[in-house]
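Below: one structure in structure tokens.
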Amino acid sequence: MLQFTKYFILLFLFTATGSFAQNTAINTGINTKNPGSRLTVNGSFAGNYKIITENAVLGFTDYFTAYNGNADGTVHLPPAGSGSLKGRVYIIKNNSNYNLTVIPSGQEQIRNYNTLLVAPGYSAKLISEGTITGITWAVITMTDTKVKPKNIKKALDYSFGMDRGAYPIPPTAFTVPDSNPVLVPESQTMFTTSVGVLTPVFINVAVGLADLTSPKVFSKSPYYRCELYINGRLYDTQIIQQQYVGSSLQFNLSDVFYVYPSSNSNSIQLKITRWNDDGHTGAQQFMVLSVVYDGVYLLRQ
């Protein structure tokens with residue numbers, strides 16, 4: 001009985017202080033009695049901070065890793081295993097004057113690449129997608145801690161806009177099929193860069209389409225998939241649902257494209273397909289309202 005009383009008092013004090021609580025939604029709180037999310041921390045957060053000076057393999061307890069080596073180095077990511085790493089985040093910063101290469105395990109990939117280059121002064125934030133083969137890691141951000149406004153250079157600045165009140169005629173009017181993706185008119189262009197080393201270009205895309213279907217079908221809401229291609233290679237995709245047959249569509253895509261010194265001329269384009277027709281089997285014709293490309297890169301000193 002005495003042992004039970006001590007346990008009850010300890011549990012009461014522990015809960016009353018608010019240092020750890022759990023609500024009916026199985027939310028966990030630290031220093032709070034009413035966590036509104038699955039994990040709520042009422043206070044500061046700290047992750048493992050590690051400095052390395054040579055090649056290293058990241059472990060399950062690593063979070064932020066800074067490279068201060070005196071030569072080109074490599075950082076190896078842990079294997080995805082059975083997908084248990086889903087959501088795992090690593091931040092890798094290159095404080096050196098040398099290149100740092102991040103290498104996934106085995107045949108795994110970071111985005112569409114077998115390796116990721118973190119140039120001097122850059123910091124990369126990666127997250128595990130939870131897959132066990134192919135693309136297992138995504139790049140959340142790639143930033144330069146030494147960036148100055150004058151170092152930001154335009155690699156791509158293209159826009160197309162339909163004239164107000166213009167009549168939808170080819171090539172801005174086109175039919176979107178259920179099968180293979182088709183080129184979005186006015187989305188194909190070229191851009192050039194002049195870089196001395198492998199350089200990441202940050203690309204943002206916005207495209208607006210008007211559905212010319214008549215009569216409109218308010219009971220059907222198809223899905224559409226828009227794809228971003230650079231030099232014929234798929235980089236980013238977005239799937240959105242149309243509000244109803246006859247309503248407009250807007251896509252926003254972004255990605256990091258690595259430019260090599262030898263690849264000064266690059267092509268970019270968008271493709272679209274009807275991903276799920278929601279029972280609407282009729283053909284839908286769209287008109288391009290606008291296409292906007294914006295791409296910047298950081299000029300190294």
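Taking the range 140-157 only, how many residues are at pLDDT 85 or above and either crowded, with 17+ Cβ neighbours inside 10 Å or not assigned by TED's automatic domain parsing to the domain that holds Thr213 (or both)? Give the derivation first.
Initially, the range 140-157 is screened for residues at pLDDT 85 or above, giving 156-157.
Among the residues that remain, those that are also either crowded, with 17+ Cβ neighbours inside 10 Å or not assigned by TED's automatic domain parsing to the domain that holds Thr213 (or both) are: 156.
Qualifying residue count for the region: 1.
Considering every residue within the range 234-255, establish whether at least one is surrounded by fewer than 18 Cβ atoms within 10 Å (Cβ to Cβ), without any contact (Cβ under 8 Å) to a residue 12 or more places away in the chain and among the small types (Gly, Ala, Ser).
No - not one qualifying residue is present in the range 234-255.
Only residues that are more than 21 Å from the chain's Cα centre (by Cα) and under 18 Å from Phe174 (Cα atoms): list them for the range 250-272, please.
Listed by number, the list is empty, since nothing qualifies.
Within the range 83-106, how many residues are surrounded by 15 or more Cβ atoms within 10 Å (Cβ to Cβ), of a type in the set (A, V, I, L, M) and closer than 13 Å to Asp62 by Cα?
3
Next question, about the same structure. Can you report the number of residues in the range 192-251 which are in a strand (DSSP E or B) and not small (Gly, Ala, Ser)? Outline the logic, then answer.
As a first pass, look at the range 192-251 and keep what is in a strand (DSSP E or B): 192, 199-211, 217, 223-230, 233-241, 245, 249-251.
With not small (Gly, Ala, Ser) added as a condition, the list becomes 192, 199-205, 207, 209, 211, 217, 223-230, 233-241, 245, 249-251.
The qualifying residues number 33.
Determine which single condition Thr131 fails, assuming it passes every other condition in (1) modelled with pLDDT of 80 or more; (2) in a strand (DSSP E or B).
(2)
Does Thr175 satisfy the criteria of being among the polar types (S, T, N, Q) and surrounded by fewer than 13 Cβ atoms within 10 Å (Cβ to Cβ)? Give the derivation first.
Values: among the polar types (S, T, N, Q): yes; surrounded by fewer than 13 Cβ atoms within 10 Å (Cβ to Cβ): yes.
So Thr175 passes the test.
The values are calculated or read from the model by the stated rules, or taken from the named source; none is laboratory data. Only a predicted model underlies this, so the values are computations on that prediction, with no experimental measurement involved. Every residue, glycine among them, receives a Cβ derived from its backbone with ideal geometry; neighbour counts consider all protein chains shown.
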